[in-house]
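A short reminder: the numbers here are calculations on the coordinates, not readings from a lab. Predicted model, so just to flag it, every value in this text is computed and none were measured. Methodologically, a virtual Cβ is constructed for each residue, glycine included, from the backbone with ideal geometry; neighbour enumeration extends over all protein chains shown.
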Amino acid sequence: MSDTNYVILTVASVNFSYRETMTKLMSQHSKDLIANAGAKGTRFGSIGTGEHAGSLIFIQFYDELKDYEKAMDFQAESPVFKEIMDSGKVNVYLRNIATSLPTKFDNSGEHPKYIVISRAEASMSDKTKFLDCINDTVSCFKDNGAVTLRFGNLLTGSNAGNFLLGVGYPSMEAIEKTYDELLVHSSYKELMTFAKMNMRNIIKIL
C-alpha cells in the first residue's frame, strides 16, 4: 500500500462473543470501501496494550478527505456495516483523523502482523525537528523488520495536535529489536528531550 495523506482511526468496544463474526464482516466491509468508496487500504485489529486495551481498532487510509466523506456516505448505506451496528454488541467510542506526512521509509506491500502506535505531545514549532528525528532513525525500523511506517498529526479528538507514529511489524521479536536499537540512537534520545510520549499501543492485526 502506497503512502497516503490521511489516516482514520476508529476504536470500538466489542462483546467478546461477537469478535469472530465482526472480524469476518469487517473483512468484507474493508473490501467494499476499497472497491467502492476511495479507501486506499485498511487495517483491523485488537489493541493489546496501553490505552484502550481490549478494544478493536479499524484504520483507514485516504489520499483526500473528500474520499473519506464518500466512504462515510457509502458506510451509511452498507448492509454489512448495518449488520454490525444492529447487533447491539459494538460500541464505537472514538474516531480520529490524522495526517500522514512523507518520510524516508519505503513502505512495503506486506501486511504486518502487529502495529505499534505511539502518540507524543510536542510544540508545532518542533514539527520539522520531529520529522527529522524520525527520518534519522528509519534504519532502526527497517533493519529490524518493520514493513510500514507512517508519521503525522492528529487533527481531531481530545489529543488533537499530538504527533502520531504508526509502525507495522511481522513479529513481536521485530518490535523488541527495534526498540533495543532506538533506545541508544542519538536522534531518538534527542526526540525524547522535546517530545512527551503519552501513549504506546501494540495492535494485533486480525
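Neighbour counts of other Cβ atoms within 10 Å put Tyr93, Tyr169 in the fewest-to-most order Tyr93, Tyr169. Dipole size of region 114-205 about its Cα centre, with +1 on Lys/Arg Cβ and -1 on Asp/Glu Cβ: approximately 300 debye, rounded to the nearest 20. Convex hull volume per residue, computed on the Cα atoms of the chain, equals 110 Å³. Net charge dipole, the chain: roughly 300 debye, given to the nearest 20, about the Cα centre with Cβ charges of +1 for Lys and Arg and -1 for Asp and Glu. Pairs over the 19 Å Cα-Cα cut-off, from the set Lys24/Lys204; Lys127/Lys189; Lys113/Lys142; Lys66/Lys104: Lys66/Lys104. Neighbours of Gly54 by Cβ distance under 12 Å: Lys/Arg scored +1, Asp/Glu scored -1, total +1. Which values of log₁₀ I(q)/I(0), to two decimal places, follow from the Debye formula for region 114-205 at q = 0.19, 0.22 Å⁻¹ with a uniform point scatterer at every Cα? Computed log10 I(q)/I(0) values: -0.88, -1.17. The distance between label points at Lys113 and Met199 comes to 2.6 nm (points 7 Å beyond Cα on the Cα→Cβ vector). In the elastic network of the chain, a GNM with C-alpha springs shorter than 10 Å, the most mobile of Thr193, Thr137, Thr23 is Thr193. Farthest toward the positive end of the dipole of region 114-205, out of Gly145, Ser118, Val184, is the Cα of Ser118, where the dipole comes from beta carbon charges about the Cα centre. Each Lys and Arg adds +1 at its Cβ and each Asp and Glu adds -1 at its Cβ; summed about the Cα centre, region 6-99 shows a dipole of about 240 debye.
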